[in-house]
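Would you mind keeping the following structure in view while I ask a few things?
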Amino acid sequence: MNETLSPPRHPRIITVSGSHSGVGKTLLAALLIKILPGFAAIKVSHADLMVFVTDDLAEIMREGKDTRALKEAGAGEVILVRAGERDVSDALSIAFDMVYRSGSQGVIIEGNAAARLLTPDVSFFVTDGDLAGIKPDALRNLEKADVIVLNPQAAGRPTGAVSELEKALRGHNPTAMICPMARFISPGEEILQLLKARA
C-alpha cells in the first residue's frame with residue numbers, strides 16, 4: 001500500500017515505531033508525553049477481522065494495556081485503533097477527527113503501520129539491536145526515522161555494544177539522530193530543542 005496520509009498542520013504529529021514488538025515503543029511514547037504536555041496519544045495495533053476506534057475510558061484504562069500507560073503518562077486524550085492493513089488509513093482518519101475535537105496541541109502515534117502511512121513532524125524508531133529478522137515494513141520506518149532510539153536492555157543486551165549497533169543502523173539511515181532510551185528519561189538540551197523546533 002503506497003497511500004500516504006497528510007493530516008492538517010495542527011495538531012503536531014509524532015510517530016513512534018520499532019523493530020519488533022516488546023522493543024520499548026510504548027515506553028518511549030510515554031516518556032515523550034511527559035516531555036510534551038497537552039499532547040494526545042493514539043495507539044495503533046493490528047486486527048485482521050475488525051476496525052475498532054475508541055476513546056472510551058474503561059477500554060483505555062484496562063489493566064496491563066499500553067493505552068493505560070499512555071494515559072497515566074499524562075496524555076489528555078488517548079485513542080485506541082485496531083485495524084487490518086486495508087483499514088488503517090480510514091481508522092486513523094477517524095482517530096484524527098477525535099484528536100482535533102479534543103483541542104490537543106499535538107498527538108503521539110504509536111504503531112508501525114501508522115508510522116509507515118504518515119508524514120509526521122518527527123518520527124522515532126526504537127530498536128534493541130536485533131535487526132536480523134526485521135520485517136520490510138519496519139525497515140522502511142527505520143530508513144525514514146528522524147531519531148533512532150537504542151534500547152538494548154529490551155533484549156537483555158549490555159549497553160556497551162551500542163557502537164557496533166550504530167554502525168549497522170547508519171547503513172540503513174545515515175542522517176538520523178541516534179541516542180539511547182535513557183536520554184528521554186532525563187532529556188538534555190539537544191532532545192528538548194529538537195522537540196521544540198519540530199513538535
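Would you pick out the residues in region 76-104 that are charged (D, E, K, R) and assigned to a helix (DSSP H, G or I)?
Glu85, Arg86, Asp87, Asp90, Asp97, Arg101
Determine whether region 105-117 contains at least one residue that is more than 14 Å from the chain's Cα centre (by Cα), assigned to a loop (DSSP other than H, G, I, E, B), of a type outside the set (Val, Ile, Thr) and at pLDDT 95 or above.
Scanning region 105-117 turns up no residue that is more than 14 Å from the chain's Cα centre (by Cα), assigned to a loop (DSSP other than H, G, I, E, B), of a type outside the set (Val, Ile, Thr) and at pLDDT 95 or above.
While we're looking at this one, here's another question. Just for region 118-136: of the residues that are touching a strand residue (DSSP E or B) at 6+ places or on another chain (Cβ under 9 Å) and outside any strand (DSSP E or B), which one is surrounded by the most Cβ atoms within 10 Å (Cβ to Cβ)?
Here the answer is Pro120.
Kindly list, by first and then second residue, each pair from a residue in region 76-98 that is at pLDDT 90 or above to a residue that is surrounded by fewer than 23 Cβ atoms within 10 Å (Cβ to Cβ) and among the basic types (Lys, Arg), limited to pairs with Cβ atoms under 6 Å and residues at least 6 apart or on different chains.
Val78/Lys71
I would also like to ask the following. Among the residues of region 6-61, how many are crowded, with 24+ Cβ neighbours inside 10 Å and either touching a Pro at 6+ places or on another chain (Cβ under 8 Å) or among the polar types (S, T, N, Q) (or both)?
Residues flagged as crowded, with 24+ Cβ neighbours inside 10 Å and either touching a Pro at 6+ places or on another chain (Cβ under 8 Å) or among the polar types (S, T, N, Q) (or both) within region 6-61 amount to 7.
State which residue pairs qualify: first residue surrounded by 14 or more Cβ atoms within 10 Å (Cβ to Cβ) and inside region 183-199, second residue among the small types (Gly, Ala, Ser) in any location, beta carbons under 7 Å apart, and separation of 6 or more residues or different chains.
Sorted first by the residue in region 183-199, then by its partner, the pairs are Ala199/Gly106.
Tally the residues that are more than 23 Å from Arg116 (Cα to Cα), without any contact (Cβ under 8 Å) to a residue 60 or more places away in the chain and in a helix (DSSP H, G or I), restricting the search to region 34-68.
Looking only at that region, the number is 6.
For region 45-53, check the following and say yes or no: at least one residue is modelled with pLDDT of 95 or more, more than 22 Å from Ala197 (Cα to Cα), over 16 Å from the mean Cα position of the chain (by Cα) and of a type outside the set (Ser, Thr, Tyr).
Yes, region 45-53 contains a residue that is modelled with pLDDT of 95 or more, more than 22 Å from Ala197 (Cα to Cα), over 16 Å from the mean Cα position of the chain (by Cα) and of a type outside the set (Ser, Thr, Tyr).
The values are calculated or read from the model by the stated rules, or taken from the named source; none is laboratory data. Computed from a predicted structure; not experimentally measured. All Cβ positions, glycine included, derive from the backbone under ideal geometry; neighbour counts span all protein chains shown.
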